[in-house]
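The values are calculated or read from the model by the stated rules, or taken from the named source; none is laboratory data. Note that the structure is a prediction, hence the values are computed from the model and not measured. Ideal geometry is used to build each Cβ from the backbone, glycine not excepted, and the neighbour counts take in all protein chains shown. Heads up: the accessible areas ignore ligands, DNA and RNA and are worked out on the full protein's heavy atoms, side chains in. Shrake-Rupley method; radii C 1.70, N 1.55, O 1.52, S 1.80 Å.
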Amino acid sequence: HDSITTSMKKLLVSVFAIVTFALSANAQEHSTHSFSLRTLYGLEYSYEYKWDSGMALIGRVGAGGEVYSPSKNNYSLNSGFNLTIEPRYYLNELDFFSLKTTGAILIPNTPFKASLVPVYGIKRDFDKHWFCEFTIGGGIGYYSGNYGRHYFEPHLQFRIGFQL
């Protein structure tokens, strides 16, 4: 249990270092607000703060389907409310790597789910306002029900959205 706590602390320090690096970049910043529909019928509001260095920080709040693992070798889908913080590094205008950090309250019974998942993504703009995004990755998840447990969290997601 202590090794898992130590690993989580190291990951949080890494996220902090990435964000600090992004904030210290001497570059012009850009921000966008968007609404999107993601796989598993999730609806989210996003705010993205982007630097010319390629670094970005995204905050999302939303609701919809959440995948979690209540017991070993078993994955389930429940509705929930989520909050995501995602430091991102754009390789170019379209492709990126990110560290998706999500917390969700699952409905009913309100157990908590948290995950830290490195992902690779592709984002395409249709025009000034519409975009789509595909991400894939895998990381660690935590489910608070059943006395709490850690599990492998697979990630495969498609999102279509409208930027304001």
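One table, with the values for the structure above:
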| read-out | value |
| --- | --- |
| Search result, residues across the range 31-43 that are of a type outside the set (Ser, Thr, Tyr) and touching a residue at least 24 places away in the same chain (Cβ under 8 Å) | His33, Phe35, Leu37, Arg38, Leu40, Gly42 |
| Members of the range 139-164 that are open to solvent by less than 50 Å² (accessible area, probe 1.4 Å), of a type outside the set (S, T, N, Q) and either within 28 Å of Tyr49 (Cβ to Cβ) or free of Cβ contacts under 8 Å to residues at least 60 places away in the same chain (or both) | Gly139, Gly141, Gly148, Glu153, His155, Arg159, Gly161 |
| Phe126 vs. criteria modelled with pLDDT under 95 and either more than 20 Å from Ser53 (Cβ to Cβ) or touching a strand residue (DSSP E or B) at 6+ places or on another chain (Cβ under 7 Å) (or both) | yes |
| So Thr84, is it free of Cβ contacts under 8 Å to residues at least 24 places away in the same chain and either aliphatic (A, V, I, L, M) or in contact with a Ser or Thr (Cβ under 6 Å, 6 or more places away or on another chain) (or both) | no |
| Hey, Phe126 surrounded by fewer than 19 Cβ atoms within 10 Å (Cβ to Cβ), closer than 18 Å to Gly42 by Cα and not basic (Lys, Arg) or not | no |
| Among (1) open to solvent by less than 80 Å² (accessible area, probe 1.4 Å); (2) within 19 Å of Ile58 (Cβ to Cβ); (3) without any contact (Cβ under 8 Å) to a residue 24 or more places away in the chain, the one test that Ile136 misses | (1) |
| Residue count, the range 107-123 (criterion: open to solvent by less than 50 Å² (accessible area, probe 1.4 Å) and over 17 Å from the mean Cα position of the chain (by Cα)) | 1 |
| Residue count, the range 50-64 (criterion: surrounded by fewer than 16 Cβ atoms within 10 Å (Cβ to Cβ) and in a strand (DSSP E or B)) | 2 |
